[in-house]
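Inspection log for the structure reproduced underneath, given as structure tokens.
The values are calculated or read from the model by the stated rules, or taken from the named source; none is laboratory data. Quantities reported herein were computed from a predicted structural model and do not represent experimental measurements. Quick reminder, even Gly has a Cβ in these numbers, built from the backbone with ideal geometry, and neighbours come from all protein chains shown.
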Amino acid sequence: MSQNGFEIDFCRHCRNSLFNLKSLEDDIASTVSHSSHTAKKSHEKIKAGFSACPNACASPQIRDFGVIAFIVPELIPEKCVSCGKCHEACREKALEFKTHPEFNDRCIGCGDCMRACEHQAIKGKVRFRLLAGGRLGRHPEFAQIFMITDDPSDIKKAFESVVEISEKHGKRFSHIEGCVDLLYSMLEE
Ligand code: SF4
Ligand code: SF4
Ligand code: SF4
């Protein structure tokens, strides 16, 4: 999605996708179409990236605003046949295995273990990491995670706040001093 004042990417989806971003894409397009934010140069555009899994193909970490979908894996013990395929599938050393998998804090929520289980013994509730304030250029910075939510409407609300802050200050969001603090204060209102 490219419109004057904005540069927005949604990941292309693939077998790793944990969430269908389509309805969110419509919401974001609506916010963009009602915005007065304009940009004469590329660096003035509000940049956002939305990814449907932790592989983060839409580069949310270097955008003004970004979203990464992930899951919190949970074992359904009565379905587990102790085959160990989930353990083989995890590339993060996040799954300890004796007779059943146990998830540790290295888990990034990619869902590989869930997809590897042929017995549907791992379920995962989808959540979203919301990031803001990332940039490249002369002083590159990674975006900060400012919210974790399971409610997609929080994403729309937070993006609207990013746009509102940019419109009010006449600058791109991550070029405004204290942009993430400003975002926090608006979301708390
Ligand atoms: S972010 Fe994940 S779901 Fe989206 S294209 Fe990349 S690997 Fe596929
Ligand atoms: S892949 Fe599924 S059935 Fe096999 S050990 Fe893991 S959770 Fe249990
Ligand atoms: S969700 Fe990904 S990182 Fe977490 S335990 Fe499963 S395979 Fe490993």
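Annotations
- Residues of region 111-134 include at least one that is within 16 Å of ligand 2 (Cβ to nearest atom), out of contact with any helix residue (DSSP H, G or I) (no Cβ under 7 Å at 6 or more places or on another chain) and on the phi > 0 side of the Ramachandran plot.
- Checked against the criterion of being within 14 Å of ligand 3 (Cβ to nearest atom), assigned by TED's automatic domain parsing to the domain that holds F10 and free of Cβ contacts under 8 Å to residues at least 60 places away in the same chain, the candidates N55, N104 yield just one match: N55.
- Failed condition for K168, given (1) part of a strand (DSSP E or B); (2) modelled with pLDDT under 95: (1)
- Within region 12-52, being among the hydrophobic types (A, V, I, L, M, F, W, C) and closer than 19 Å to A158 by Cα holds for F19, L21, L24, I28, A29, V32, I46, A48, F50, A52.
- Qualifying residue in region 52-72 (condition: within 16 Å of ligand 2 (Cβ to nearest atom) and surrounded by fewer than 22 Cβ atoms within 10 Å (Cβ to Cβ)): yes
- Test result for K123, in contact (Cβ under 8 Å) with a residue 12 or more places away in the chain and part of a loop (DSSP other than H, G, I, E, B): no
- Residue match in region 52-74 (condition: part of a helix (DSSP H, G or I) and touching a helix residue (DSSP H, G or I) at 6+ places or on another chain (Cβ under 7 Å)): no
- Residue check: L131 meets all listed conditions (1) surrounded by 13 or more Cβ atoms within 10 Å (Cβ to Cβ); (2) part of a helix (DSSP H, G or I) but one, namely (2).
- Within the set D150, D181, D154, the sole residue that is at pLDDT below 95 and either in the same structural domain as K45 (by TED's automatic domain parsing) or hydroxyl-bearing (S, T, Y) (or both) turns out to be D181.
- Filtered residue count, region 140-165, keeping only those that are outside any helix (DSSP H, G or I) and closer than 28 Å to I71 by Cβ: 11
- Qualifying residue in region 24-36 (condition: within 19 Å of I108 (Cβ to Cβ) and either of a type outside the set (D, E, K, R) or not assigned by TED's automatic domain parsing to the domain that holds K156 (or both)): no
- Selection status of S36, assigned to a loop (DSSP other than H, G, I, E, B) and at pLDDT below 95: yes
- Those residues of region 96-113 which are within 21 Å of the chain's Cα centre (by Cα) and either at pLDDT below 95 or within 13 Å of C83 (Cα to Cα) (or both), in sequence order: C113
- Residue count for region 91-106 satisfying the condition of being more than 17 Å from C14 (Cβ to Cβ) and within 16 Å of ligand 1 (Cβ to nearest atom): 1.
- Filter result (out of contact with any Lys or Arg (no Cβ under 9 Å at 6 or more places or on another chain) and free of Cβ contacts under 8 Å to residues at least 40 places away in the same chain) within region 107-120: C107
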